[in-house]
Each structure stands twice: as structure tokens, then as C-alpha cells.
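Read through the structure below, which is laid out as C-alpha cells, and then see the notes.
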Amino acid sequence: MYLSRRQGHEIAGGVFMVGLGILFLTGFWWPGLIFVVGGSILIEGLVRGRGRLALAAALWPILFGVWALLRYSPAALFVGIGVGSILSVFLKPWNYAKPAVDNSLD
């Protein structure tokens, strides 16, 4: 099923609002808000058909939320940065390259 860009925004917005509602119910504001942002980024990317890029974009907010859950431990920070760096290499598209430069105006 193909969804338009507008529908993707609406689904991500709905996920964000449901997440905010859950935060109101539970009172788990920090780092719950970071997880809601990461989840809505992931959902919008998945709906738009950009699975790997969506996961790469959502990875950092989710890792930040986990770090906050671990009481801002310096060891967890370094492990999270290392894991995030390694995973981001595998989550980038394989054909990722700089756009060609048009030198015809020189």
C-alpha cells in the first residue's frame, strides 16, 4: 500500500499525540518525551518507505533516552556513541554519494 507524504505526516502526528497521551497518563516525562520523538521519526520514515534512513534518524534520540534512563553514566555515553556510530554506518544507503557538480558555467 502506497501512502502519500501528507498521510505519512498525519500518521506520525497521530503516533506523537498517542505518545503524549501515554506520557500524561504515566507521568514519565523525562526521558519519555525523547522516546516519543524518536518513535514518531521512525514511524514517519517507515511510512514513507525509507526504512534504513528512518532507523538511522531515530537511533540518536532513542540512544539519548536510554542514556538518560541510565542516569547519564559516562560509560553508557561512550558505549552509546560507539554503538550509534557503528550502526549508522550500516543504516546509510549503500549508494550514498555526493551530488555531481555542474561546471558548465565556468
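Hey, what number do you get for the chain at 222 nm if only DSSP H runs of n ≥ 4 count, each worth -39500 (n - 2.57), divided across all residues, to the nearest 500? Before the final figure, lay out the partial values.
Numbers: 4 runs with 75 residues, N = 106.
Helix contribution divided over all residues of the chain: -24000 deg cm²/dmol.
Provide the gained length on full extension for the span residue 90 to residue 104, in nm with one decimal, where the gain is 0.36 nm per separating residue minus the Cα-Cα distance.
1.5 nm
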Query raised in the report: Assigning unit charges at the beta carbon (Lys, Arg +1; Asp, Glu -1) and nothing else, what dipole magnitude in debye, to the nearest 20, does the chain show about its Cα centre?
Result: 180 debye
Report summary line: Sorted largest first, the C-alpha extents of the stretch 1-54 along its principal axes in whole angstrom are 36, 19, 13
Query raised in the report: So between residue 30 and residue 81, what do we pick up on full extension, going 0.36 nm a residue minus the alpha carbon distance?
Result: 16.4 nm
Query raised in the report: If the convex hull of the alpha-carbon atoms of the stretch 5-91 is projected onto planes in all directions, what is the mean projected area in square nanometres?
Result: 5.6 nm²
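No lab work stands behind these numbers, since they all come straight from the coordinates. Treat the numbers as computed from the prediction; the structure is a model and nothing was measured. As a convention, Cβ positions derive from the backbone with ideal geometry for all residues, glycine included, and neighbour counts pool all protein chains shown.
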